[in-house]
Protein chains: 2
Amino acid sequence: MGRTMEMNVEPPLHWMLHPRLEKDAVAVGDLLLSRILIMNDANFPWLLLVPRCVGAIEIIDLAEHERMSLMAEIAQVAAALKMLTACDKLNIATIGNVVPQLHVHIIARRRGDPAWPKPVWGQVAPLDYDPRALDHFVETLRDRLWLD
Amino acid sequence: MGRTMEMNVEPPLHWMLHPRLEKDAVAVGDLLLSRILIMNDANFPWLLLVPRCVGAIEIIDLAEHERMSLMAEIAQVAAALKMLTACDKLNIATIGNVVPQLHVHIIARRRGDPAWPKPVWGQVAPLDYDPRALDHFVETLRDRLWLD
């Protein structure tokens, strides 16, 4: 019985996307370390990178080689997003005050977008995507990142 | 004369801290890549890392080895800040919509701080530090990071 109770507090064995991210974003594909998602908000081209590391909340929870991979994937995805959107500025952030699972926001900002020049969080209500525009965004991003 | 005009559009030869960051923050010291600053806002323990790379605006403007160094310095400084503040969450971000010079915010967040759980930007007016508290923060951070 003691053993059963111990097992109850063990961390999960497999990485799973946090249900809130599952709900708020759509999957694009997986890089070696991270899952790429698009936030369901047509106000901004807004991606998330979620390292598939069980229990990681902070960047400093990752092993050094995972941090280096994360930086490489941030650069890869940010460059693709900048190329696709011709944005004026990239905003890149790990906040996680509400959803603890480590996730990196990579957002393409444009002068005159609905929150400019403020950061995007809490500024404007999310705007639904036209489903075909969202599909197109997923596909062009997958092409650009050589995901098959 | 053509040559003179060309020289006028060359980038500056030496890195200089952006005047707005000079005004809004105090210097802690230099790591190999980045200058560490403390934001003049006692609401939050709030650091900036500014890579001393001429002309860098985005993380993807850095060379790959500079990005890897930046990630290592982010982790080093974030771990020190977490240790010193026993914070609940780290917020780490490059925004730069107003001040273009590449700078990374590393902010120690606490449940119940003046902006919690929102990101800090634009939430509450900056609060002046007690000068001795700020000196103490600079010194303990320098000690923790082995800056002499």
By residue number, the members of region A:51-61 that are more than 7 Å from chain B (Cβ to nearest Cβ) and open to solvent by less than 40 Å² (accessible area, probe 1.4 Å) are A:P51, A:C53, A:A56
Taking B:F137 as meeting all but one of (1) under 16 Å from A:P119 (Cα atoms); (2) in a helix (DSSP H, G or I), write down the number of the exception. (1)
Any hit, region B:133-148, residues being at pLDDT 95 or above, more than 9 Å from chain A (Cβ to nearest Cβ), open to solvent by 70 Å² or more (accessible area, probe 1.4 Å) and farther than 18 Å from B:L37 by Cβ: no
Scan of region A:76-88 for residues that are open to solvent by less than 10 Å² (accessible area, probe 1.4 Å) and either outside any helix (DSSP H, G or I) or over 19 Å from B:P100 (Cα atoms) (or both), ordered by number: A:V77, A:A80
Identify all residues within region A:49-87 that are within 19 Å of B:H105 (Cβ to Cβ), without any contact (Cβ under 8 Å) to a residue 24 or more places away in the chain and not β-branched (V, I, T); write none if there are none. A:R67, A:M71, A:A75
Go through the residues of region B:23-35 one by one and say whether even a single one is facing chain A (nearest Cβ under 10 Å), open to solvent by 10 Å² or more (accessible area, probe 1.4 Å), out of contact with any His (no Cβ under 7 Å at 6 or more places or on another chain) and at pLDDT 95 or above. no
Number of the condition not met by B:A93 [criteria: (1) of a type in the set (A, V, I, L, M); (2) outside any helix (DSSP H, G or I); (3) within 15 Å of B:L145 (Cβ to Cβ); (4) within 8 Å of chain A (Cβ to nearest Cβ)]: (3)
From B:E64, B:E73, grab the single residue that is among the charged types (D, E, K, R) and open to solvent by 50 Å² or more (accessible area, probe 1.4 Å). B:E64
Expected single match for more than 14 Å from chain B (Cβ to nearest Cβ), in a loop (DSSP other than H, G, I, E, B) and open to solvent by 10 Å² or more (accessible area, probe 1.4 Å) among A:P126, A:P114, A:P100, A:P119 is A:P126
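The values are calculated or read from the model by the stated rules, or taken from the named source; none is laboratory data. The structure displayed is predicted, hence computed values, not measured ones. Here Cβ is always computed from backbone atoms with ideal geometry, including for glycine, and neighbour counts include all displayed protein chains. These accessible areas exclude ligands, DNA and RNA; they are computed on the full protein's heavy atoms, side chains included. Shrake-Rupley method; radii C 1.70, N 1.55, O 1.52, S 1.80 Å.
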